[in-house]
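Values quoted throughout were computed directly from the atomic coordinates according to the rules given, and no laboratory measurement underlies them. Source: prediction; values computed, not measured. Virtual Cβ from ideal backbone geometry, glycine too; neighbours counted across all protein chains shown.
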């Protein structure tokens, strides 16, 4: 196949795909149709999509014998934020090797698009094309005149990053005991104890076992952080090690590193329950939402905060807490049947309806009592719309309860410290407004790296998150991986970061600088933390995320590019936040 190929829009050439919850029919979860538009002719129509995970898609049935693809066509969207998406499945012998997707911005009018998939997974020999929706919506996405070509070029990145457009940091803030947040002339800033405006850049302070050469290891890591022009230690820092180092730096009259700490409740050793669905299944491992109605959760969470606060309480270098990391809020109304949460749901519905007859009329059910809800475990979407509305309203109560417990525990154990939200996976924003009690909203955003710097979609969705909550944004994790690291050569072990790779370490360095400046130029962003110190290279995961290889070899081109970008930012990064000018 050497030329552009038309993908005719006919029912025999396309098949729909949706992933509904158990017991829900595909046609009830999402709508699919082939229609004729007066302007564009035959078109695929996807949506509304109301239930399920992963996506709602139309797949072209035929696999195309090529290993790169540029998909062209026309599309338009209807409704609020319908996330139209284009997907390519790389296959070998009829088996999926990898799936890559790219989103299109909302477009109420027909607009042309061109999306390139240039990264070829090892051993791939063909591709399949799909279009659809990437998130649930009451709206629709329509696609017409679809074509595909086998050519797809890798992006190029400029030698120099963009100019700084963020206003210079103000100099009139007062000093204080701890870090705080200020909003001045439509720009948000962290403010250090000295009263200096502060923008947080850095990475996770490495973990090292104690040893005879510990002092030399400490000096070496400090030197690399200084070379990076870092002023902060990110959320996965070894707090026990770096609390000691920071105290020693201050005792010598040297500048310590502002430290951010992440708590995590998605993993548990049985100390408390996580939310479960009607079949007793939880969410994805590591991202499971805890059951905040389980009294053990509040006890365990506060005990964890207390242990860590013993190391950082009142320290001028301790900047902020993240209350959690990448909890999943997706499909939360289905996950209400862990024991304590189910009891809270029963009480919520009893207060909402007063008697079971009123609930049965609204839901179209014949439940004998509110207690019967715990035994029968009805699920939203299987009955009247009122049931779905009630479950969505209760899901908000779950999040409110969780936020109240976590924020309250930290404020009690470390008074005066900044408390930042759960570090959200980018796009998992359905309950974002409920995190407004936090001092800032944390979002983990790994750039797509299909163009220099941040995409328009990333910027607009970060802006929307800020406007929804009225709080500044801090980027809890970001980085850029490259193919020439050799960590993406195993087709049986291809990391999820593969669709974000750039070709070389030079490209990686240039893009890292562009992204650094783009984040800084957003007036509502107060910091962005690189993830992580070392690459991942094990039987579990291989990914070029580090500033160093797993053997400790530095990616000096990347480190120095980041350092130059930090210098370009200027005083807000390099100034000492602990002493007055």
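One table, with the values for the structure above:
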item	result
Ranked by how many other beta carbons lie within 10 Å on average, peptides 28-39, 492-503 from highest	492-503, 28-39
At R0 = 22 Å, FRET efficiency that the Cβ-Cβ distance of residue 436 and residue 184 yields, to 0.05	0.60
Prolate/oblate/rounded label for region 5-149 (Cα gyration tensor, a/c 1.5)	oblate
Region 170-312: C-alpha gyration tensor shape, a/c 1.5 cut-off, then a/b vs b/c	oblate
Potential lengthening between residue 215 and residue 109 on full extension [0.36 nm per residue; Cα-Cα distance subtracted]	31.9 nm
Relative packing of 215-224, 266-275, which averages over residues the other C-beta atoms within 10 Å, highest first	266-275, 215-224
Efficiency of FRET between residue 389 and residue 175 - r from beta-carbon atoms, R0 56 angstrom, step 0.05	0.65
Likely footprinting exposure, 456, 78, fewest C-beta neighbours within 10 Å first	456, 78
FRET E, pair residue 165, residue 506, Förster distance 25 Å, beta-carbon r, rounded to 0.05	0.45
Prolate/oblate/rounded label for the chain (Cα gyration tensor, a/c 1.5)	oblate
Backbone N within region 53-85 under 16 Å of label point (7 Å from residue 6 Cα along the Cβ vector)	72-74
Relative contact order of the chain, pairs being alpha-carbon contacts under 8 Å that are 6 or more residues apart, as %	14
Relative exposure of 479, 328, 285, judged by other C-beta atoms within 10 Å (fewest first)	285, 328, 479
Region 459-581: antiparallel DSSP beta bridges as a percent of all, rounded to 5	35
Distance from region 112-165 to region 326-365 (C-alpha centre basis), Å	40
Residues listed by number, region 1-44, amide nitrogen under 19 Å from residue 281 label point at 7 Å toward C-beta	17-30
Label-point gap, in nm, between residue 361 and residue 17 - each point 7 angstrom along Cα→Cβ	4.6
14 Å cut-off, amide nitrogen to a point 7 angstrom out along residue 53 Cα→Cβ, residues in region 258-293	275-289
